[in-house]
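The values are calculated or read from the model by the stated rules, or taken from the named source; none is laboratory data. As the structure is a computational prediction, the values presented were derived from the model and not from experiment. A quick note on method: Cβ atoms are made from the backbone with ideal geometry, for glycine too, and the neighbour counts reach across all protein chains shown.
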There are 2 protein chains.
Amino acid sequence: MNDFWEWWAERGRANRFVVTQVPFGELGEWSFHPETGNLGHASGRFFTVEGLQVRDAGVPVWSQPIINQPEIGILGIVVKEFDGVLHCLMQAKMEPGNVNTLQLSPTVQATRSNYTQVHKGATTRYLEHFTGPRRGQVVVDVLQSEQGAWFWRKRNRNMVVLVTDDIPVHEDFRWVSLSALRALMKVDNLVNMDARTVLSCMPFELPEEDDGALARSYQYQQRSLHTSGEILSWFTEAKTRCDWTATLIPLSRVDRWTRDDHEIADDEGRHFRIIGVHVEAGTREVKRWRQPLLAPRGQGQAWFVARPIEGVLHFLVRARPEFGLMDLVEMAPTIHLLPGEDLADVREPFLKELATSGSGRVRYDAVLSEEGGRFHHAMTRYRIVEVDGSFPAEVPEDFCWMTVRQLTDLLRHGHYLNIETRSLLACIQSML
Amino acid sequence: MNDFWEWWAERGRANRFVVTQVPFGELGEWSFHPETGNLGHASGRFFTVEGLQVRDAGVPVWSQPIINQPEIGILGIVVKEFDGVLHCLMQAKMEPGNVNTLQLSPTVQATRSNYTQVHKGATTRYLEHFTGPRRGQVVVDVLQSEQGAWFWRKRNRNMVVLVTDDIPVHEDFRWVSLSALRALMKVDNLVNMDARTVLSCMPFELPEEDDGALARSYQYQQRSLHTSGEILSWFTEAKTRCDWTATLIPLSRVDRWTRDDHEIADDEGRHFRIIGVHVEAGTREVKRWRQPLLAPRGQGQAWFVARPIEGVLHFLVRARPEFGLMDLVEMAPTIHLLPGEDLADVREPFLKELATSGSGRVRYDAVLSEEGGRFHHAMTRYRIVEVDGSFPAEVPEDFCWMTVRQLTDLLRHGHYLNIETRSLLACIQSML
């Protein structure tokens, strides 16, 4: 690990990166559409900031700005065995919204605009392993959603490709073993969101040291509280119950959000702001650019409550609608609070004490960053709290207990586990 | 089977049903919105006819009217064992668009407006087995899409519930064994679309008489051309390739479709018409009503090409975008032509001869109806044609060979197999 940290420190020194907030008037090719008020790029590509209108049973209940990025990008990790040990080719990558500039990222993290080179920059390194006739064996290849609170129907293609050939390793890249990644996952703001979602989709290895209940949660054929058929039926029922509809509207028609020269902000000052930044970078494909970012106010919370049930560790998942998700409802952490919401706001009586008193055994606790390419200093506190038999196994209808294996099986398909749940699933491997 | 046909004939005689086309001006509570031109019901429920705008890489390429019915309805079959043989509780049900009035339908076929009784009619029979605390074991419970060419993101909840208690059987209902259903599936316009989609999701029994290649196609662990991982990756790739976007627009802004007092029709006279009908029925929940219907011009075609590969029968599936599907791309039959398209229009060179010359061994061939509650006389010719080793196993990138087992496994999840493919999957059980 010392090697890793030396490389990491060296990368930090080598990479110059200056991010400055600028008024919208200085965003260059980014401008507000005269009719809709939508914020977009002159090329018509990258992404736009538009408006979202949410209705509950047909009645308008909420509107907000939202990032619309219809293109499907690639988040890919190249993996390879060295002396029988699986290693991931990870990247030290800067993103303008990162609180600490550099984070540990997948081998490839590219929007379609990126890799088709709309911005006329350098080619994306290692992309050839993920497109066209592939050099390697595809282990994971699935479209997964991202933040439903901030993105309109955004999906990325999560891929893992196993190679056997030698690959030249560029100085911003490094082979990291899965056990090293497990340790690094405990460090605040190090493993970025894109790396976490790809890692979560990777077929899990069993953790080596464990008390038994977690190991059993990874295995097939173990006693789980529910069958997979029951879980799918529970999820179908939850989708059917949801009576919300969400549609894009012109940004200028979003109520109770105000735009001035520097930001678009909610009048309550509670949710997030849209700002513009100027970026100067030493090692990105392009040296200098400007772009909007979504800046949340404060820090989110995403908690998994875990409980052994008949000797098998189960995780409590919630079927929860989010405005921007394609089918609205996905499976969310037990507790998920957006920045601006407070643990005191947890309404479910059976979770209230846990959320506020700090009871339970904390088995994972770290602050991790969300997508630094679109969000400014967006951080979430991820926590896994184990409770005992005094916590109810019977839960309200939008909650369901699942094993790690059941969660992992669902990840072969898109639109089941939302991005925060996938992050937590990657954290499970680093549990104490 | 004689019993069945006697009951069927008797139901036909008992049920009076008169459907008359009426001008839009006589559609009662249905009217065109003064601004958007959308056709909707005064209650705001049921469905609307709106406009659809399709863009390819951002460029408008097509617009048409489309049925928007955001509610999720229930299509449910109650099943029960009698003397060790599984029977389905089927319904003789009239729909205004049916070419022959009465078709064999699931136990429950209810929109949300239906079963929450917006139209103040009678309660939906047997609905209690599918909602709330259920009387029975849920075998199937999945949201599946319907016609992407005519519906905007329509899904229904496909359910199968196994009961053990005695159930009173109303005169419009009858227990039908799976082997009887298999025979009935060969009859033109008898088993309706809603019954077919639910039957397709039912875990298959192995057909009793078979040459071996089909039986092997039903089994796990048999040699299939592709692994399930390869199939999922192929499908992800196909979704990523699709550069279409589709949005709802006001019906009045649909180009090259014209509305007069009696119909909305495409100026080419090729695709479909929106018409209004008046219905008088003896046994429906409501005795008299008016509604719009979508009337296709002519008959569609949906073909599965099947080929034994290393002794296992494989079916050739195509990843194909359809405008109205939630994620655009689903898995479609080898050949799918909408009414108005011709077999001579089949463009893929490797399918052209098959489509026009009638080569191959026809193992299933029947004309079946699409949803009679929304479509007027919509019929599709479903065909399964078996080819031999002279037909290429190597196919273009949007096609993929799959076994019955692989297709069935995907049906546990929504948005993989489109409605025509599910119909064909139900027909496989009736193959010669």
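Got at least one residue in region A:142-153 being under 26 Å from A:Val176 (Cα atoms) and away from chain B (no Cβ under 14 Å)? The answer is yes; a qualifying residue exists.
Within region A:409-416, is there a residue that is touching a residue at least 40 places away in the same chain (Cβ under 8 Å), within 14 Å of chain B (Cβ to nearest Cβ) and among the small types (Gly, Ala, Ser)? For region A:409-416, residues touching a residue at least 40 places away in the same chain (Cβ under 8 Å), within 14 Å of chain B (Cβ to nearest Cβ) and among the small types (Gly, Ala, Ser): present.
Taken over region A:61-90, the criterion of being within 14 Å of another protein chain (Cβ to nearest Cβ), over 13 Å from A:Asn158 (Cβ atoms) and part of a strand (DSSP E or B) is satisfied by A:Asn68 alone. Taken residue by residue, region B:360-372 has no member that is within 14 Å of another protein chain (Cβ to nearest Cβ), basic (Lys, Arg) and either in contact with a helix residue (DSSP H, G or I) (Cβ under 6 Å, 6 or more places away or on another chain) or over 30 Å from B:Val19 (Cα atoms) (or both). Of everything in region B:283-308, what is hydrophobic (A, V, I, L, M, F, W, C) and surrounded by fewer than 18 Cβ atoms within 10 Å (Cβ to Cβ)? Give them in sequence order. B:Val286 - this is the single residue of region B:283-308 that is hydrophobic (A, V, I, L, M, F, W, C) and surrounded by fewer than 18 Cβ atoms within 10 Å (Cβ to Cβ).
What number of residues within region B:192-228 are outside any helix (DSSP H, G or I) and either of a type outside the set (Asp, Glu) or modelled with pLDDT of 90 or more (or both)? Working first, answer last.
Taking region B:192-228 as the starting set, the residues that turn out to be outside any helix (DSSP H, G or I) are B:192, B:202-212, B:219-227.
Remaining after also requiring either of a type outside the set (Asp, Glu) or modelled with pLDDT of 90 or more (or both): B:192, B:202-204, B:206-207, B:212, B:219-227.
Number satisfying all stated conditions: 16.
In region B:314-350, of all residues being within 16 Å of B:Pro392 (Cβ to Cβ) and at pLDDT 95 or above, the one that is nearest to the other protein chains (Cβ to nearest Cβ) corresponds to B:Val317.
Given A:Leu338, A:Leu343, which one is under 25 Å from A:Asp266 (Cα atoms), of a type outside the set (Gly, Ala, Ser) and touching a His at 6+ places or on another chain (Cβ under 9 Å)? Outline the logic, then answer.
Details: A:Leu343 fails: touching a His at 6+ places or on another chain (Cβ under 9 Å).
Exactly one residue qualifies, and that residue is A:Leu338.
Among the listed residues A:Trp289, A:Trp303, which satisfies the condition of being within 30 Å of A:Ala110 (Cα to Cα), at pLDDT below 95 and aromatic (Phe, Trp, Tyr)?
Values: A:Trp303 fails: at pLDDT below 95.
Only one candidate qualifies: A:Trp289.
For the residues B:Asp255, B:Asp260, B:Asp267, the requirement of being out of contact with any helix residue (DSSP H, G or I) (no Cβ under 7 Å at 6 or more places or on another chain), of a type in the set (Asp, Glu) and touching a residue at least 40 places away in the same chain (Cβ under 8 Å) singles out B:Asp255.
Scan region B:1-32 for residues that are free of Cβ contacts under 8 Å to residues at least 12 places away in the same chain and in contact with a Leu (Cβ under 8 Å, 6 or more places away or on another chain) and report the count.
Just the residues of region B:1-32 that are free of Cβ contacts under 8 Å to residues at least 12 places away in the same chain, to begin with: B:2-3, B:5-6, B:9-10, B:13, B:31.
Remaining after also requiring in contact with a Leu (Cβ under 8 Å, 6 or more places away or on another chain): B:31.
The total comes to 1.
Starting from residues that are of a type in the set (Asp, Glu) and part of a loop (DSSP other than H, G, I, E, B), keep the ones in region B:7-54 and report whichever is nearest to B:Arg174 (Cα to Cα).
Going residue by residue through region B:7-54, those that are of a type in the set (Asp, Glu) are B:10, B:26, B:29, B:35, B:50.
Still in the list and also part of a loop (DSSP other than H, G, I, E, B): B:29, B:35.
Details: B:Glu29: 35, B:Glu35: 48 Å.
Once the filter is applied, the top-ranked residue is B:Glu29.
Scanning region A:48-60 for residues being within 14 Å of chain B (Cβ to nearest Cβ) and surrounded by 18 or more Cβ atoms within 10 Å (Cβ to Cβ) gives a total of 4. Only one entry of A:Ala215, A:Ala238 meets the criterion of being within 14 Å of another protein chain (Cβ to nearest Cβ) and not acidic (Asp, Glu), and that entry is A:Ala238. Pairs meeting the criteria (first residue in region A:123-151 and among the charged types (D, E, K, R), second residue modelled with pLDDT of 95 or more and part of a strand (DSSP E or B), beta carbons under 6 Å, at least 6 apart or on different chains) are A:Asp141/A:Met159.
Each row is one residue, and each column tells you yes or no for (1) within 12 Å of chain B (Cβ to nearest Cβ); (2) farther than 30 Å from A:Asn68 by Cα.
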{"position": "A:Asp165", "(1), (2)": "no, yes"}
{"position": "A:Val169", "(1), (2)": "no, yes"}
{"position": "A:Asn189", "(1), (2)": "no, no"}
{"position": "A:Thr197", "(1), (2)": "no, no"}
{"position": "A:Gln221", "(1), (2)": "no, yes"}
{"position": "A:Trp244", "(1), (2)": "yes, no"}
{"position": "A:Leu248", "(1), (2)": "yes, no"}
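All conditions but one from (1) farther than 13 Å from A:Thr334 by Cβ; (2) out of contact with any Asp or Glu (no Cβ under 9 Å at 6 or more places or on another chain) apply to A:Val362; the one that does not is (2).
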